[in-house]
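In what follows, a structure is listed as structure tokens, so that the remarks can point back to it.
Read the figures in this text as sums done on the coordinates, not as results from a lab. Because the structure is predicted, anything quoted here is derived from the model rather than measured. Don't worry about glycine lacking a Cβ; one is built from the backbone with ideal geometry, like all the others, and counts go over all protein chains shown.
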Amino acid sequence: MHTDPVLLSARALLDGYGDGSLSPVEVVRAVLDRIERVNPRVNAFCLVAKDVALEAARASEARWRQGKPCGLLDGVPVSIKDILLTRGWPTLRGSLAVDADQPWVEDAPSVARLREAGAVFVGKTTTPELGWKGVTDSPRTGITRNPWDPSRTAGGSSGGSAAAVALGMAPLSLGTDGGGSVRIPAGFCGIFALKPTYGRVSLYPPSAFGTLSHVGPMTRTVRDAALMMDVLSHPDSRDPTAMEPPHGPSFVEQLALDVSRLRIALSPRLGYVSNVHPEIEAAVLRAGEVFARLGAVVERVDPGFDDPVEAFHTLWFAGAAKAVEALDPRRRDGLDPGLLAICEEGRRTSAMQYLDAMAVRTALGQRMARFHETYDVLLTPTLPIPAFEAGREVPEGAPSPRWTGWTPFTYPFNMTQQPAASIPCGRTSDGLPIGLQIVCARHADAKVLAVSHAYEQAEPPSFPQ
């Protein structure tokens, strides 16, 4: 077991608080020191609130001394992606067009649930402008870099959160995912992330990208993500699409699912991805072998749908145009050029084109619902390529100018609203992480977590120093 508190899981920290071997104050101090030392090499944080975090840690320590922790995460350091409203701190969304000098009096639902559970917020993490793309750089906060190789991208749009978790700058982070935005950086940075079923975690204010956008945990361990889900899954009245709280066993309790009873589909190319890095494809095939050794029935089969990227673009570009519409028009000249380009396309989208894209989305959801009548789990790569040069939307020489050209495995499952996770499944010969995507039917969030946990127990991950 690690002795440095910045390398401990949230579960281990809570155990230490409970038996008195650790204190929230010493842990938060260690995390803040870690941020000061390593954040300059990756640019994961756009705001660090040392005094606020230490004050919260002291209050947590007093509760633990009295034997009265206030919630499941009392005293655990957490970072928040700078897309989500956080009371008392500006939420600037990577944009120079957002005025920091305004009242910040409200928490987003997911942030409120963490605060109620006693989590200690240490700061906010970087995002591309309005979270619009699959890498993390913005006019406001610059480039976020990969913790394994700072010349490479951390991915996005929750790239700051992924880099922070990978480097021990708080064990838990809260990200958002509209087309892969927790899974892409998790894959590139070698951590775990879950995009829950839409509605499982409440969202407010409503995203301009509509029901493509999800909120989810980003962690080093699957157990910590399950613990976060036990907190985040309590609904909020500000979100009319929120589900009822889950009934029965907790997400943590359901991690013990016997995977030998499962039927797993292994699809290294989804039937339409022509170029997958050979080391990534090999790693995903090896992951299938791990599940077979665990007793699952693993079959190599594609789910049987065509690439829905054009329909996704219609929905995503229109959402981007709507998001920018809310910004101060006097400040729009400094927007990310790529964001401006997709907004221009989005503004040209007709109602009929949007409805046609929604019809594609509906058919895709129906297709996957039928698929999961046969297969409990779908395994794919999270990404077809390793992390590429930082500061670019696409790798050099890429055939598509947009980030969706190199993320073909993630955005389909935002369209279907299914739960999907990324978990580390090895590294390339260059030492860069490889992600395995684990997808289950809508509402089967506990199953995604349990399958991920079984894999993690069989193949424990490693992290950069």
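Structural remarks
- Within the range 341-385, the residues that satisfy the criterion of being among the polar types (S, T, N, Q) and out of contact with any strand residue (DSSP E or B) (no Cβ under 6 Å at 6 or more places or on another chain) are 349, 350, 353, 362, 366, 374.
- Number of positions in the range 337-354 that are surrounded by 11 or more Cβ atoms within 10 Å (Cβ to Cβ) and either touching a Gly at 6+ places or on another chain (Cβ under 8 Å) or not in a loop (DSSP other than H, G, I, E, B) (or both): 12
- Residue list for the range 410-435, restricted to those being surrounded by 24 or more Cβ atoms within 10 Å (Cβ to Cβ) and more than 29 Å from residue 241 (Cα to Cα): 424, 425, 433, 434, 435
- Residue among 383, 379 that is part of a strand (DSSP E or B), in contact with a Ser or Thr (Cβ under 8 Å, 6 or more places away or on another chain), closer than 30 Å to residue 459 by Cα and not basic (Lys, Arg): 379
- For residue 237, the conditions (1) more than 16 Å from the chain's Cα centre (by Cα); (2) touching a residue at least 40 places away in the same chain (Cβ under 8 Å) all hold with the exception of (2).
- Count of residues meeting criterion [more than 12 Å from residue 53 (Cα to Cα) and of a type in the set (Val, Ile, Thr)] in the range 18-40: 2
- Which listed residue, of 354, 375, is among the hydroxyl-bearing types (Ser, Thr, Tyr), in contact (Cβ under 8 Å) with a residue 12 or more places away in the chain and over 21 Å from residue 178 (Cβ atoms): 375
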